[in-house]
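Novice: Quick one: the structure is below, questions incoming.
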Amino acid sequence: MAGWYALLILALLTAGYVISSARARSIAGGNYAEMHSLPAYHGLYTAALAMLPALICFLIGSQLASYFATQTAIAALPGDVQNDVLKQGAALREAFNIAAGGPINSSSAEIQSAAAGYASVLSAGQWITLAIGTFTGLAGLSWGLSRVSMNFRARNGFEKLVHGLLWVCATIAVLTTIGIVFSVVGETYRFFFDPAITGKPTVFEFLFGTEWNPQAALRADQGEIQTAYGFLPLLTGTLLITTIAIAVAGPLGLFSAIYLAEYASPRFRAIAKPILEILAGIPTVVLGFFAALTVAPFIRGWGETFGLNVASESALAAGVVMGMMIIPFISSLSDDVINAVPQSLRDGAYAMGATKSETIRQVILPAALPGIVSAFMLAISRAIGETMIVVMAAGLAANLTFNPLEAVTTITVQIKTILVGDQEFDSAKTLAAFALGFVLFFVTLVLNYIALKVVQKYREQYD
Amino acid sequence: MDMRPDPLVMMTSSVQDQAPKPVKVAAKNVNVYYGAKQALKDVSVDIPVKAVTAFIGPSGCGKSTFLRCINRMNDTVASCRVEGLIQIDGKDIYDPALDPVQLRARVGMVFQKPNPFPKSIYDNVAYGPRIHGLSRSKAELDEIVEHSLRKASLWEEVKDRLKDSGTGLSGGQQQRLCIARTIAINPEIILMDEPCSALDPIATARIEELMAELRSNFTIIIVTHSMQQAARVSQRTAFFHLGILVEKGETSQIFTNPTDKRTQDYITGRFG
């Protein structure tokens, strides 16, 4: 049915454009200079007028059809099933399955009749939608056609339609963000305050607890395992690994950006920059096993020669490889902003008798600071949100430590661990993932805000 | 390529021999190439000390290129190659033993578009003295900043907001700030590359007044598109055309009695 509808909309678009622009051409009779809008604009305007009503009918009509069909199906179910949410859901799923052509063999008569009712109402609703869509589309088409004239401002009309389209796109993007935030906030609220969830921590325990163990005993013979939702070990683990990553990527990325932008020959730059950017394209899972299989044993062996006891899954290994991952973010973006600093500032500094490194340190970097800080912030956000490398190289042990040679775990790793496998979505353990996600989001937001303030305070604005 | 001395140059150099002032910058047979393209052909000129010398000519004639040879700013352009001899006070500035960074501390430059650093007004002027270690104390640096801003006739306008950003000033003020910044390192020569082309007539007039004052202490070389400006501010003028130094001499002579047909056509507005 959606396929028919797509065909209808395509036909309306084509017909609107072709007929309307042909009509505009015949009205103009070759005298386009006298006409307010060129025939193509009349065509586009009419095409939009024909398509929009049909599209709106489809969006509303398909929702209404499926709503009424579901109501019909529910009405056909026995009373006790209707009143129990869980039973009703299961019965409806079975009915939808049958309506979609699934096997009927073991289903009860009520469910079969519900499925039949659902299918017939849905199909009728869809046909009605198609009919109304065709009718309104043709109405829009003929209205658009009737407006084609020498003086009609189709060009301005089309401009308004474009404006509207852009507004809709921007609004959808913003609403999506808001929707995700609300969903995370809602589940986090349930985690802390929903009385139906047992074994959950208080906000204070969550934020300041030093022990993290969301896994309760699965079998009786495992004995009593106390669950704990102290978030501090995860926070310190995340911060530790992020700090190591930035300590690796910050100098390497920034200095390579300075070299590429200011010192390298154009030929070297043309080769080196794409190679650096390829580094950003390496899947993090590949970096992850590189960290676990190459870097971690290397660090362990290196530690042994100094008599240090390094865990085989250490924060250092994960942090170093994560640093490699974010080097291209820092170097590529910093390179762009350094290049964007006007040549006139460099000339000014050289003409004062400054050397190249003085010019870079005292003039170019301060002028490029806002961009460099944003590059770092993007890199930090990536590092905090990165999961795969840490899963493979840093381990799962929630140790509250600042020693980079020990195994730690991060917020993202724990979210992943909690949600992997079969889950019931009303246990404290599962909802804890949302709380962690919310905290992660909040930490990133705060970091971005701080960066914004730093930039506003220290920026040296040119032009 | 024609390497013979231009007869016109030979002829007009006799005019320059009458110049009373000693020579500060001497260029002999300077050729400049950008890659394969030759931008300057066999330019020879003597520039007198403590006077304003103007380079005029149509766009792309090589006058800015020549100016940028005098403080070796062309070194920063990878494809640029300079041949010939340029001397300041009799010393070759392209001598490999000479450090171009040191040279630029002696030969200041003001650019076409005002380019103050995105720093405070104070830091802009203090930039040069700081990197060259010209002051021993904060008080001494304050002294240099004030002196330079006064010389650039900007002090009265900015003395209460030295901590404000230099880029917040008007175009004319920014250009005077750039002049103050240049004066602060006490150069011997100031190169000005169309310093007024981005400014309105009032700001232009102030810069021109400033040049008249500064020439008692500095050797000034100005590149300009405005022939009126060259006539107003300079004592000597050189006319460039298509990479050739066509004619040079006393400003009054160039503008009233040019010897070359091309110079005459240019100053009467027939081309360029």
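The values are calculated or read from the model by the stated rules, or taken from the named source; none is laboratory data. These numbers come from a predicted model, not from an experiment. A quick note on method: Cβ atoms are made from the backbone with ideal geometry, for glycine too, and the neighbour counts reach across all protein chains shown. All accessible areas refer to the heavy atoms of the entire protein, side chains included, with ligands and DNA or RNA removed. Shrake-Rupley method; radii C 1.70, N 1.55, O 1.52, S 1.80 Å.
Novice: Connecting C-alpha atoms closer than 10 Å in a GNM of chain B, tell me which of B:ARG136, B:ARG104, B:ARG206 has the biggest fluctuation.
Specialist: Checking each option, the largest mean-square fluctuation is seen for B:ARG136.
Novice: Quick check on my link table: of B:LYS21/B:LYS113; A:LYS457/B:LYS119; B:LYS63/B:LYS261; B:LYS63/B:LYS119, which ones sit more than 21 Å apart, alpha carbon to alpha carbon?
Specialist: The pairs that break the limit, which is 21 Å between Cα atoms, are B:LYS21/B:LYS113; B:LYS63/B:LYS119.
Novice: Pull up all non-local amide H partners of B:SER120: gap of 5 or more, or a different chain, and H-to-H distance under 5 Å with H placed in the peptide plane.
Specialist: Close amide H contacts, sequence-distant or interchain: B:GLY166.
Novice: At 20 °C and 1.002 mPa s, what whole-number value in µm²/s does Stokes-Einstein give for the translational diffusion of segment A:228-458, with Rh from the Kirkwood sum over Cα pairs?
Specialist: The diffusion coefficient I find is 111 µm²/s.
Novice: Taking all protein chains as present, what is the carbon and sulfur share of the accessible area of segment A:228-458, in % to the nearest whole number, probe 1.4 Å?
Specialist: Carbon and sulfur atoms account for 70 percent of the accessible area of segment A:228-458.
Novice: To continue, here is another question. If a/c stays under 1.5 just call it rounded; otherwise compare a/b with b/c (prolate if a/b is bigger, oblate if not). Do that for segment B:118-197, with a ≥ b ≥ c from the square roots of the Cα gyration tensor eigenvalues.
Specialist: oblate
Novice: As I understand it, the value is the acute angle between the Cα axis of helix B:201-214 and the longest principal axis of the Cα atoms of chain B; what does it come to in degrees, rounded to 10?
Specialist: In chain B, helix B:201-214 runs at an angle near 90 degrees to the longest axis.
Novice: Also, I was wondering about something else. Using alpha carbons only, how many degrees (0 to 90, rounded to 10) separate the axis of helix B:138-151 from the longest principal axis of chain B?
Specialist: 50 degrees
Novice: Hey, can you grab everything whose amide H is under 5 Å from the amide H of B:LEU40? Only 5+ residues off in sequence or another chain; H modelled, so Pro and N-termini drop out.
Specialist: B:VAL32
Novice: Given H placed on each backbone N at 1.01 Å, which residues far from B:PHE55 in sequence or on other chains put an amide H within less than 5 Å of it?
Specialist: Those lying under 5 Å, H to H, from B:PHE55 are B:ILE222, B:VAL223, B:THR224, B:ALA238.
Novice: Roughly how many Å is it from the Cα centre of segment B:197-224 to that of segment B:53-109, as a whole number?
Specialist: So the separation of the two Cα centres works out to 20 Å.
Novice: Residue-wise, which Karplus ³J(HN,Hα) couplings in Hz belong to segment A:118-132, taking 6.51 cos²θ - 1.76 cosθ + 1.60, θ = phi - 60°, and x for glycine or proline?
Specialist: Once rounded to whole Hz, the list reads 4, 4, 5, 5, 4, 5, 4, x, 5, 5, 4, 4, 4, 5, 4.
Novice: While we're looking at this one, here's another question. Report the charge-dipole magnitude of the protein assembly as shown in Debye, nearest 20, computed about the Cα centre from +1 at each Lys and Arg Cβ and -1 at each Asp and Glu Cβ.
Specialist: Charge dipole of the protein assembly as shown: 2060 debye, to the nearest 20.
Novice: Another question, then. Per residue of B:185-195, what is the mean number of Cβ atoms on other protein chains within 10 angstrom of that residue's Cβ?
Specialist: Other-chain Cβ atoms within 10 Å of each residue's Cβ, averaged: 1.
Novice: Something else about it: HN-Hα J couplings of segment B:67-79 from phi, Karplus 6.51/-1.76/1.60, θ = phi - 60°, integer Hz, Gly and Pro as x?
Specialist: With the stated coefficients, segment B:67-79 comes to 4, 6, 6, 6, 10, 6, 5, 5, 4, 7, 9, 4, 7 Hz.
Novice: To continue, here is another question. Quick one: P(r) of the protein assembly as shown from all Cα-Cα pairs, 20 Å bins, percents rounded to integers, in order of increasing distance.
Specialist: Answer for the protein assembly as shown: a P(r) of 12, 26, 29, 23, 9, 1, 0 percent.
Novice: Nearest 100 Å² is fine: how much accessible area is buried between A and B, summed over both sides, with a 1.4 Å probe?
Specialist: Approximately 1800 Å², summed over both chains.
Novice: If you don't mind, there's one more thing I want to ask. Report the one residue of A:ALA264, A:ILE418, A:ALA245 whose Cα lies farthest in the direction of the positive end of the charge dipole of segment A:228-458 (charges on C-beta: Lys and Arg +1, Asp and Glu -1; origin at the Cα centre).
Specialist: So the residue furthest toward the plus end is A:ALA264.
Novice: Also, quick follow-up: Size of the dipole of segment A:207-347 about the Cα centre, Lys and Arg at +1 and Asp and Glu at -1 on the beta carbon, nothing else charged, in debye to 20?
Specialist: Dipole about the Cα centre, nearest 20: 380 debye.
Novice: Calculate one ³J(HN,Hα) per residue across segment A:330-335 by plugging θ = phi - 60° into the Karplus curve 6.51 cos²θ - 1.76 cosθ + 1.60, and present them in order as whole Hz with x for glycine and proline.
Specialist: With coefficients 6.51, -1.76 and 1.60, one gets 5, 5, 5, 5, 5, 4 Hz.
Novice: With Kirkwood's inverse mean 1/r over C-alpha pairs for Rh, give me the Rg to Rh ratio of segment A:14-63, two decimals please.
Specialist: Taking Rh as the inverse mean 1/r over Cα pairs, Rg/Rh reads 1.19.
Novice: Counting only other chains, and only Cβ atoms inside 10 Å, what mean value do you get across the residues of B:115-122?
Specialist: Partner-chain Cβ atoms within 10 Å, mean over residues of B:115-122: 6.
Novice: Inverting the mean 1/r over all pairs of different Cα atoms, compute the Kirkwood radius of segment B:7-267 and quote it in Å.
Specialist: Taking the inverse mean of 1/r over all distinct Cα pairs, segment B:7-267 comes out at 18.9 Å.
Novice: With angles folded into 0 to 90 degrees, how steeply does helix B:121-132 sit against the dominant principal axis of chain B? Use alpha carbons for both and round to 10.
Specialist: 70 degrees
Novice: Do the sum for the protein assembly as shown: with -39,500 (n - 2.57) for every DSSP H run of n ≥ 4, divided by all residues, what is the mean residue ellipticity at 222 nm, to the nearest 500 deg cm²/dmol?
Specialist: That comes out to -19500 deg cm²/dmol.
Novice: Along the positive direction of the dipole of segment B:7-267 (beta-carbon charges: Lys, Arg +1; Asp, Glu -1; about the Cα centre), which of B:THR219, B:ILE144, B:GLY133 reaches farthest?
Specialist: Of the listed residues, the answer is B:GLY133.
Novice: Let me ask something additional. Report, in debye and to the nearest 20, how large the dipole of chain B comes out about its Cα centre when Lys and Arg carry +1 and Asp and Glu carry -1 on their Cβ.
Specialist: I would put it at about 240 debye.
Novice: Of A:PHE434, A:VAL310, A:SER357, which is farthest on the positive side of the dipole of segment A:228-458, counting Cα position, with +1 on Lys and Arg Cβ, -1 on Asp and Glu Cβ, and the Cα centre as origin?
Specialist: Working it through, the farthest residue towards the positive pole turns out to be A:SER357.
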